[in-house]
Amino acid sequence: MFVECFGKDKGDSRGSMEIRKISNILRQLDNWSVYDGNKSGKIRFGKDYGVQIAYVRDESLEDLI
């Protein structure tokens with residue numbers, strides 16, 4: 001999100017307060033949660049972004065209808 005949505009440089013994201021703010025917002029949103037497929041909540045997002053904390057949207061079929 002830091003790079004794609006806000007047009008920031010990938011190199012600026014390490015330890016940034018903005019990254020922590022984005023993460024806190026995502027954790028507070030209803031229907032969004034940290035990926036639970038492993039203990040760390042991280043998955044690889046290709047060679048450009050590497051391993052990142054992943055957030056997934058919790059949707060049931062009833063929500064889609």
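In summary, Val56 fulfils each of the numbered conditions (1) aliphatic (A, V, I, L, M); (2) modelled with pLDDT of 90 or more; (3) surrounded by fewer than 10 Cβ atoms within 10 Å (Cβ to Cβ) with the single exception of condition (3). Taking first residues from region 12-25 that are within 14 Å of Gln52 (Cα to Cα) and partners that are modelled with pLDDT under 80 and not in a helix (DSSP H, G or I), the Cβ contacts under 6 Å between residues at least 6 apart in sequence or on separate chains come to Ile19/Ser13.
The values are calculated or read from the model by the stated rules, or taken from the named source; none is laboratory data. The shown structure was predicted, so the numbers you read here are calculated from the model rather than taken from an experiment. Please note: Cβ atoms are built from the backbone with ideal geometry, for glycine as well, and neighbour counts cover all protein chains shown.
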